[in-house]
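The values are calculated or read from the model by the stated rules, or taken from the named source; none is laboratory data. Predicted model only: the values in this text are computed from it and were never measured. Glycine gets a Cβ as well: all are built from the backbone with ideal geometry, and neighbour counts include every protein chain shown. Heavy atoms of the whole protein, side chains included, go into the accessibility calculation; ligands, DNA and RNA do not. Shrake-Rupley method; radii C 1.70, N 1.55, O 1.52, S 1.80 Å.
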Amino acid sequence: MEKKEQKRHQHKHSGPKAQKKNRKKEQGTEQEQDERKRNPRAFSVQSAVRMAKTFHRAQDIKTKKHHIPLVDRTPLEPPPVVVVVMGPPKVGKSTLIRCLIKNYTRQKLSDICGPVTIVSGKKRRLTLIECNNDINSMIDLAKVADLVLMLIDASFGFEMETFEFLNICQVHGFPRVMGVLTHLDTFKNNKTLSKTKKRLKHRFWTEVYQGAKLFYLSGMVYGEYQTQEVKNLGRFISVMKFRPLVWRTSHPYVVADRMQDLTDPEAIRLNPKCDRTVSLYGYLRGTFLKNKCQVHIPGVGDFSVSDVSFLPDPCPLPEVIKKRALNVKERLLYAPLAGVGGLVYDKDAVYIDMPSGHKCLFQEEVRPTTELVQSLIGTQATLDAKMAASKVSLFTGTAALTPEEVQENEKQNPMESREWDENAQRERRRAVFSDEAEEEEEEEEDEDEEGLTTLKKVDEKADETAAPPVKKQKIKEPMEMPAFADSDDELEKSEGEESEEEEEGSALIYIKQINLWAIMNLLYVCLSVAEEEEEDSNDEEELGGLFKVSRPERSKKVRADAMDCSRFQPDSSHDWDQEEMLASIRDCFVTGKWEEDKDAATLLKENDELYGDFEDLQTGEVHKAKTGNKDKAEGDGGDDDDEEEEAPQVKLDDDEVQKNKRLEKKRRLKERFDAQYDDGDATYFDDLKEEMQKQAELNRQEFEDVDDEVRVQYEGFRPGMYVRVEIPALPCEFVTNFDPHYPIVLGGLGPSEGNVGYLQMRLKKHRWHSRILKTRDPLILSLGWRRFQTIPLYYIEDHNGRHRLLKYTPEHMHCGATIWGPITPQGTGFLAVQTVGGIKANFRIAATGVVLDLDKSVTIVKKLKLIGYPYKIFKNTCFIQGMFNTVLEVAKFEGASIRTVSGIKGQIKKALRTPLGAFRATFEDRLLMSDIVFLRSWYPVLVPQLYNPVTSLLMPVGQKDTWAGMRTLGHLKHDLGIRNKPNQDSLYKPVVRQVRHFNTLHIPKELQKALPFKNKPKQMQAKGKTPRDLQRPAVVREPHEKKVAALLDALSSVYAYKNKKAKAEQHAKHKEFLKQKEKQDAERQKRLKEERKKTYRAMGQKEKKKLKSSLKGASKDN
């Protein structure tokens, strides 16, 4: 059966509805206002209570979004955003990083090693770091991460590593967290998939916050995630905003992306275990880093920085490169630990990273640059041998020169030249080199050719007579241009010698003209501009088609050593006949148009407006204001027609200026009034934000125009710089066991954070940790930048301020803890784990807490009971022994309160001479010799001074997660096979109690008289033996009486049995009767309930009808 096609809805083009829609389109947003005016009651407040609730709810939502405003200390060129990709093993971390790199840079990276820095936008760079499953790496990366991509295997669900990392992030300042679900292609049923997504999303929201972003990577195509999904994830990362965290904004830190060993190879050869000098490279983050400061490398220890310097940014922003658009070629990738870095300039070296990490470059042809670098890497001969065998050609097409030919020109033996010295009256031997001889000859040639003064000519003639005529021979010989010239003069000489013969004749004519010219003509002669340009063009001679010969002495118009240095040659390029040239300097004169606050005419007009008409009291002359006399301004034009035409135009312009001034003045006054009296919706929060913004602007402007070299000396190295940190005395294992898969963080320490002392903390056992923590068991803490092992003492504070030692941590509440560790600012969060070695099945985070105080004077006390026994009793006084050992100990405890086990309280009075340690004490009541007396005291406990940094980065490669520090007592006994011996006093034994004999109670006679009769002791005499005559004689029965008695016993037994049987039957019948009756009662109650329901239903319907009829105004009964 064919399905009938539905008729499409046709919109109305005419009629009231169409007109109404057209009006809405034309009016736009004004329609809502018209409806408010047309029907105001519809938009009025219906319920004041509901409106108040709505308003309060809106304000609560708005206030919850507020954060405490912090000063924005991010520099103009911020460092790359640290994106940590975290997840359990085999969940897709490396694949996601490769896909993100390909999305941003269009490049493939085969091996993800260490931090990978990429440019993600015009103003943002990203540093992608993969976090492995080691608890040390998780703790270190949680401290530096700006954004965490938390990968979750949807086919398996949440794993413990995810929750552990979230708890680590919560302690160390929560960064932004985004969840990414992978392995969604394993679900074949869409309903199961949607349910799983919903379940995981709500659980993720519970751990992070409501509405946290969760991405879904639905499947893989050719070993990579789908392009569109990765692109969406990349967009979110590129635009995400980050809130500054307190610890990071107050401490500088560097995530190292390159490491270089600077140790002398000779020292390493002599002692392979010697300490190393290492330079670490990376972007500085946090706050300013000072030179020669203290840093902590988590997993290595504390060190002093010997030198810090900043280098050119290896991965600069596109804005720094000064290109308009972000093209694919401009996007950069910098990952030196993965073998992608290009050319890196260091302080004293240049490093070239070969692109071996790129997959795509293996298939490409070998380029010249790559071939050059590979030949450098695979060289066998030394540099001297290669230089000796090399040939150099300076220009294309010229003959190549060998080093021997160059050295012949450079290192020739000196020639001997004998000269007669007239002053010394002896023949002197001058050592002449070929270069010097050529230079002297060239100077002679230049002097002969220029010939400006007759004095020089005389000198030249004298020289010519003294020396042989070499000049003519030189000119006639054909010259070849030298491949290597020692100076610019030789290059000029070699180029210019060809034209020297042609110019020689013209030079002589020019010299004669100069001699004939008069001094006046020489001073004021003016050559044409065209001739000068021709001379300049002729001077620019090209050498080899590449270089132009520079002749600065000819380019200068005025020379200091010229014949007439006082002569002024005006610049003929300015044509002062043109109107534009005159207008350019018109404002340099008084008659020009100046600025408003400096122009004389404008200031005079303002004075006239301000003061108006006034009379000079000295002369009596009356001055009128010029602004009111409009006709006068028009009539004062004079005879000049041009001025009459320009005057009205100038006046109109002045009026417009005055009007604009008045409007501007009114606007400023209104703004000032609004600022003082009309705050509007501004709140304290807005004022605080504005203040913080002003402070941030001031911080930026302080050193904005200062050079980086000078700026670094004042404020230190600012965040965003790529710095080189040189650290001496590092353990050799750091270099030999270096693994790029583990992060290296340089955390800057504050002024006092390098010291070690006592720390008071508030600690709570994690609710997911399986066991409670025991005092004096070693614990590994992550506090600040550090990871270290220490021995904590747990305590709780009593109501009187006493810190009482606890043997174990409480189950569901906080307790105090004192440790010996590095001084850390108050309010810093920390977490504790019992071990960092290997992966346990249970939850690894044992406790979390915060630093409270850095006071050393805190005293933790434990309860101590001293036991004694009485050996002499005098009414309420007794002598106690066994509690103390010396008289001095007793003297310290005089006046202390003591108590017996039975509850009798007493006090220590005085020490006794003998036996030692015995004392006299008084009690509320008389003691017995069997009583035990004890003294309840508090004993101070010393905190163990253990600070053992976790040096996991010094472990061999592949064993960095096996660091083990001090073991707990339980682990030691388990490993050594030691079993606890039980305390004999704690074992259960059969209790044997001796029968105690008490003395008779003695009541005084006076007290007996006062007692009532029932409490008076009765003087009862003991009954004696009954006399024989009063004793009843024994009855001896006859045989017949015995038979009768036996018969009666038998009859009574039968009768008793019958009665018992009848009672049992009666009881059973009654029980059955009660069951029947209960059943009937239940049926009756059920029937009554149904009847009541019917009755109530009928009554309800009747009431409903009655109410309905009353609403209608007429009763249906009528």
Practice problem: Kindly list the number of the only condition in (1) surrounded by 14 or more Cβ atoms within 10 Å (Cβ to Cβ); (2) over 17 Å from residue 159 (Cα atoms); (3) of a type outside the set (Phe, Trp, Tyr); (4) under 28 Å from the mean Cα position of the chain (by Cα) that fails for residue 207. | Solution: (2)
Self-check item: residue 1003 vs. criteria assigned to a loop (DSSP other than H, G, I, E, B) and closer than 30 Å to residue 836 by Cβ
Solution: no
Exercise. Return the only residue of 1008, 1019 being part of a helix (DSSP H, G or I) and of a type outside the set (D, E, K, R).
Key: 1008
Exercise. Would you mind finding the one in 372, 311 that is farther than 26 Å from residue 266 by Cα, surrounded by fewer than 16 Cβ atoms within 10 Å (Cβ to Cβ) and at pLDDT 90 or above?
Key: 311
Practice problem: List every residue pair whose Cβ atoms lie under 7 Å apart, where the two residues are 6 or more positions apart in sequence or sit on different chains, the first residue falls within segment 891-902 and is within 10 Å of residue 923 (Cβ to Cβ), and the second residue, located anywhere, is polar (S, T, N, Q) and open to solvent by 50 Å² or more (accessible area, probe 1.4 Å). | Solution: 898/907
Quiz prompt | Those residues of segment 716-745 which are within 30 Å of residue 703 (Cα to Cα), modelled with pLDDT of 90 or more and open to solvent by 30 Å² or more (accessible area, probe 1.4 Å), in sequence order | solution = 726
Self-check item: Test: residue in segment 176-196 that is touching a Cys at 6+ places or on another chain (Cβ under 8 Å), in a strand (DSSP E or B) and open to solvent by less than 30 Å² (accessible area, probe 1.4 Å)
Solution: yes
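So that you can scan it fast, the table gives a plain yes or no per residue for (1) at pLDDT 95 or above; (2) open to solvent by 70 Å² or more (accessible area, probe 1.4 Å); (3) outside the structural domain of residue 823 (by the TED database):
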| position | (1), (2), (3) |
| --- | --- |
| 917 | no, no, yes |
| 921 | yes, no, yes |
| 925 | no, yes, yes |
| 928 | no, yes, yes |
| 931 | no, no, yes |
| 936 | no, yes, yes |
| 945 | no, yes, yes |
| 953 | no, no, yes |
| 970 | no, no, yes |
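Can you find a residue in segment 804-812 that is assigned to a strand (DSSP E or B) and within 18 Å of residue 948 (Cα to Cα)?
There is no residue in segment 804-812 that is assigned to a strand (DSSP E or B) and within 18 Å of residue 948 (Cα to Cα).
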Quiz item: For segment 773-805, what are the residues that are aliphatic (A, V, I, L, M), free of Cβ contacts under 8 Å to residues at least 60 places away in the same chain and either out of contact with any Leu (no Cβ under 9 Å at 6 or more places or on another chain) or buried (at least 19 other Cβ atoms within 10 Å of the Cβ) (or both)?
Solution: 781
Exercise. Among the residues of segment 1034-1063, write down those that are at pLDDT below 85 and open to solvent by 100 Å² or more (accessible area, probe 1.4 Å).
Key: 1035
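Residues to consider are 960, 1042, 973, 1014; find the one that is within 30 Å of residue 135 (Cα to Cα) and part of a helix (DSSP H, G or I).
Details: 960 fails: part of a helix (DSSP H, G or I); 1042 fails: within 30 Å of residue 135 (Cα to Cα); 1014 fails: within 30 Å of residue 135 (Cα to Cα).
Answer to the check: 973.
Which of the following residues is at pLDDT below 95, assigned by the TED database to the domain that holds residue 763 and open to solvent by less than 60 Å² (accessible area, probe 1.4 Å): 895, 827, 903?
Exactly one of 895, 827, 903 is at pLDDT below 95, assigned by the TED database to the domain that holds residue 763 and open to solvent by less than 60 Å² (accessible area, probe 1.4 Å), namely 827.
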Exercise. Have a look at 286, 299 and point out the one that is among the small types (Gly, Ala, Ser), open to solvent by less than 70 Å² (accessible area, probe 1.4 Å), closer than 20 Å to residue 729 by Cβ and in contact (Cβ under 8 Å) with a residue 40 or more places away in the chain.
Key: 299
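Residue-wise test of (1) open to solvent by less than 40 Å² (accessible area, probe 1.4 Å); (2) outside the structural domain of residue 921 (by the TED database); (3) among the acidic types (Asp, Glu).
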| site | (1), (2), (3) |
| --- | --- |
| 831 | yes, yes, no |
| 871 | no, no, no |
| 883 | yes, no, no |
| 908 | yes, no, no |
Quiz prompt | Residues of segment 159-172 satisfying the condition of being open to solvent by 10 Å² or more (accessible area, probe 1.4 Å) and assigned to a helix (DSSP H, G or I) | solution = 160, 161, 163, 167, 170, 171
